[in-house]
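I have placed the structure first, in the form of structure tokens, so that the comments after it can refer back to it.
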Amino acid sequence: GVSCGHAKPGWRLDHCRRGRGVADLASLKGSGPNGRIVKRDVEAASAVPVAPAPVIAATVSGPGFDEIPHSGMRKTIARRLVKSKATVPHFYLDVEIRMERLLALREQVNQSAPRKISINDFIVKAVAVALRQVPAMNVTWTDTALRQYHEADVCVAVSTDTGLITPVVRNAGGKALSQISADVAKLAGRARDGRLRPEEYQGGSFTISNLGMFGVEQFSAIINPPHAAILAVGATQQKPVVEDGELKAGAVMRCTLSVDHRAVDGALAAQWLAVFKGLMENPLGMLI
């Protein structure tokens, strides 16, 4: 053994580890008398180097533009969406839903509800009940098997300053509208504050993307892997409709279902969409 210059005789190099590793003696240069290796030499050589602070890319301005560096979340979103669109065989189904009964029920419910129920809360509930009634739609794709779920855990797309994230409303089919409303509000708030825990945005089998509040009439969304489907929801609008052979004004909402054809065939997706439409147009059925 080699002494490291401590006052106590018999101390050796392994006493100078300090929990941070031992220096290689051959590389040490002693600063004591006659080049002797002393305590401070070992401590200096054994110290853990401090990593340099990460370089944060700054906004670069040029003639007529500002170049804003991608955030980590934006890079992840881009990578996942490119993979989804390139590798998942999408097909799309459109449906128009009459909303008069749901709007009337919502107005009645909100007269006594502990918190105001939104149209989106009804959509989450209807999606979950439809997944229960058509369980073959409540699946995700893996390379070896379809994974069919016992509960309807529905993801709701939330826009944040750094990108889109999809927190999960667990067991939405078994919850009252007031609880769904509270869950969505809490999760959306935590998402916008960047405080979601992994278990709050991982999992689920189905996603809802609602742009109706922005006045968007209809759009198609990209599937959120490994989910088998995503429902794109547009705004409820007053439109002319034919009812009992007569033309009248009606409240109509358009939805587009994007489906992974590997996991779900067209007939099954159409069956699920018909059930969802029926629940939205006769909303008491989803509350019983």
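Overview of values
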{"read-out": "If the convex hull is drawn through the Cα atoms of the stretch 89-287, its volume per residue in Å³", "value": "126"}
{"read-out": "Ordering of 246-253, 179-186 by burial proxy (mean other Cβ atoms within 10 Å per residue, highest first)", "value": "179-186, 246-253"}
{"read-out": "Neighbour-count order for S71, S84, S209, fewest beta carbons within 10 angstrom listed first", "value": "S71, S84, S209"}
{"read-out": "Those GluC sites (Glu not before Pro) in the stretch 78-144 that DSSP places in a loop and that have at most 10 other beta carbons within 10 Å", "value": "none"}
{"read-out": "Förster-model FRET efficiency, 25 Å R0, R79 and D193, C-beta, rounded to 0.05", "value": "0.55"}
{"read-out": "Distance between modelled label sites at A176 and A136, nm, 7 Å Cα→Cβ extension", "value": "3.6"}
{"read-out": "The stretch 172-184 - phi-based ³J(HN,Hα) in whole Hz, Karplus 6.51/-1.76/1.60, Gly and Pro as x", "value": "4, x, x, 10, 6, 4, 5, 6, 4, 4, 5, 5, 4"}
{"read-out": "Entries of K116/K175; K83/K125; K116/K248; K75/K186; K248/K277 with Cα pairs more than 24 Å apart", "value": "K83/K125; K116/K248; K75/K186"}
{"read-out": "Residues with amide H under 5 Å from that of F206, placed H, sequence gap 5 or more", "value": "C155"}
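Bear in mind that the values in this text are calculations on the coordinates, not laboratory data. Predicted model, so just to flag it, every value in this text is computed and none were measured. Cβ: placed from backbone, ideal geometry, glycine included. Neighbour counts: every protein chain shown.
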